[in-house]
Structure formats: C-alpha cells, structure tokens
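What follows is one structure encoded as structure tokens, with my remarks underneath.
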Amino acid sequence: MQSPRYFLNHFMPFTGYPYTGAPTACNLCGSTESVTVAETDRRLKTLKSIACAECGLIRTDPMPTPAELADYYAHAYRADYQLAFAGGPPRVHLKRSAREAAFRAELLAPKLVPGARLLDFGSGSGEFLAAARARGCEAIGVEPGRDYSAYARTTHGVEVLDDAGDDRFEPGTFDVITTHHVMEHLRDPADVMERLARWLKPDGVLYAAVPNMAATGKPPHERFHFAHVHGFVRDTFDLTARRAGLVPHTGYWREDTTVVYRKTDAPPVAIRSPGLAQRLAEELKPMPAAAYLASGAWIWPMVRRNAKAVRETFSNR
Ligand SMILES: [Zn+2]
C-alpha cells in the first residue's frame, strides 16, 4: 500500500502533485501558444491547465510523462476514483457501468446486429462488451487496467486485450468502435482518434464520449482532475474527430461531447477555433478562493472523496 507521505502528496489541498512533467505542443493542432484556464483541480490542489490558443484543446501543463502517469495509475488513481478492487469492482461502479452500457447499446442498436464486429476501446469492467455480445456482435475490448480486464474476462467471458498499437488491427476491421471516457486520459488523444478511424469500416460508426469541460452546474475547478490530461468541449471534440476524417452522424442522438461519428470524404479543414481559448478562460475562471471557502461547498465532496482514500492508504499495512 502507499505510504502516508504519498497520500499527503496526492490529497493535501493547496499543494502541487508529485510530478515534474514536460511542456508539450497541442496534440490536436501542434501549436505551442496557449492561454491558462485553471490553476487548481477538484481537490483544490495546484494543477495548471491551459487551452491551446489556436484550437482550444485543454491540456495539463506541464504534461505528465508516460512514466509519471503510469505511477499515478498504479498508486493513486484507484483511491482518487474510488474504483479500488478488493475482490472485484465496487457495486456502485458496476451499477453505473451497467446503466451506461445499456444506454450505449440502445443508442447504437441499429449497428449492433448479429455478426457485426465491435471494438470497445477502454472496455473497463466489460459491461458494454457483454451487452454487444448479447445482441450477436463479435465484440473485443482493449483495457490497460489489469484488474478491470481480469474482471471482464472472468465475469462476462469477453475477450479483452491489454493494449492495441496501430498495427494490432487491419484498416477497416470494425463496424462499430466505442470509446467511453477514455480520450481525456490520453497524452495523444487526436492520434488515437485517427487510429480508431483507420480501424473503422467505410460505413462504420465511432461512438466517443468524454466529460464536457463547458458543463455548467458545478464550480469550474470541479472539472479538473490529475488523471484527465486533456479537456474537451463540443467544438474541440468535433475538430479532433474531423482531423481523423470523421463527422457527427446526424442519424444519432448527441449531447455535447457524447457523439456518434461517421467517416467523411470531405476535404480536411483547418484545425482552429478562433477565440475559443479566451472564451474557455473566461468560463472556467474560478470563484475567488475566499468566497468558495466561505460557502462551505467544498467540505462534503472532499470528505466523500478522501474518506475512501484514507481507508485504502492505511489498510493492509
Ligand atoms: Zn491546438
């Protein structure tokens, strides 16, 4: 188990995360110009997020290195996300996952026909793979989280790969590819979107969903999390898809950053969103710290999130 010091580094408010990182160019358009949109995250820890001045894609700055992200996932992520495995995923996660899988299967029903080939990129505990297979699809998952993939294989009997590089599948392999709340975790989401588009048949569909950073109804800093190294809004998500040769499929329901895309032959467009970075900086401007602290709105979320982390950190030692 992690040391108490590791716990403090990751959960103590008003301090930075134990990582060094390195500045990166925008993964979507390659620009290095940026506008700062946040200095703290949902835990009120110091975490700088910037929006690309050219296209508006939000990223953590400096960007954690692959090794630092791996370390984070290995030690702090479970506590952060309350998805710790002690004999299986917690029931609250499975319930939510089953609900989401049923929704996704219903949305994609016209394509989930017997014999259809389906890839779930970031398949988690496997509920959507099971739902697709129940509809007769030939379903395969990719999931780097070993606990999750093991659970999916054991419980649902589904096929799950630990990883999938570019050459893992032939171009045009799948009728349906889905990726639910994965892109925001990746250092190279635009490149991965291109890879998924290549694996898609010409008439295939890509369901992609990420948190909407422009979501109203919660304080701006609540939208930032160390594990989410990229942040999307409707415009930047569609631009990421467009760079990969995809456009929203108008035959399907969409909500902001939950979208079904299809391939397009239309010529490439310029990857830029004039003014978006400035708009995001304005929208995501934090409540003044004193006002926020005085409101007391931070107490319950912090207690809730940290209670389990504390239990996990100090148990089994
Ligand atoms: Zn950019």
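The values are calculated or read from the model by the stated rules, or taken from the named source; none is laboratory data. Computed from a predicted model, the values in this text were never measured in an experiment. Here Cβ is always computed from backbone atoms with ideal geometry, including for glycine, and neighbour counts include all displayed protein chains. The protein model used for the area step is the full one, side chains on, heavy atoms only, and it has no ligands, DNA or RNA in it. Shrake-Rupley method; radii C 1.70, N 1.55, O 1.52, S 1.80 Å.
Find how much the distance from THR216 to GLU159 grows on full extension, using 0.36 nm per residue of separation minus their present alpha carbon separation; answer in nm with one decimal.
16.7 nm
How large is the accessible surface of VAL269 in square angstrom, using a 1.4 angstrom probe and rounding to the nearest 10?
70 Å²
Near LYS111, which aspartates and glutamates are there with a Cα under 17 Å away, not counting those fewer than 8 places off in the same chain?
Excluding near neighbours in sequence, the set is ASP120, GLU138, ASP175, ASP203.
What full-extension length gain, to one decimal in nm, is calculated for VAL303 and ALA150 as 0.36 nm per residue of separation minus the Cα-Cα distance?
52.0 nm
Can you give the FRET efficiency to the nearest 0.05 for ALA294 and MET12, using r as the Cβ-Cβ distance and R₀ = 35 Å?
Efficiency computed from Cβ-Cβ geometry: 0.95.
Given R₀ = 45 Å, what would the calculated FRET efficiency be for ASP167 paired with LYS285, taking r from the Cβ atoms and rounding to 0.05?
FRET efficiency, ASP167 to LYS285: 0.55.
Quick check on region 4-314: take the gyration tensor over C-alpha atoms, sort the square-rooted eigenvalues as a ≥ b ≥ c, and tell me if it's rounded (a/c under 1.5), prolate or oblate.
Here region 4-314 falls in the oblate category.
Considering Cα pairs under 8 angstrom that are at least six residues apart, work out the relative contact order of region 4-314 and quote it in whole percent.
RCO, region 4-314: 20 percent.
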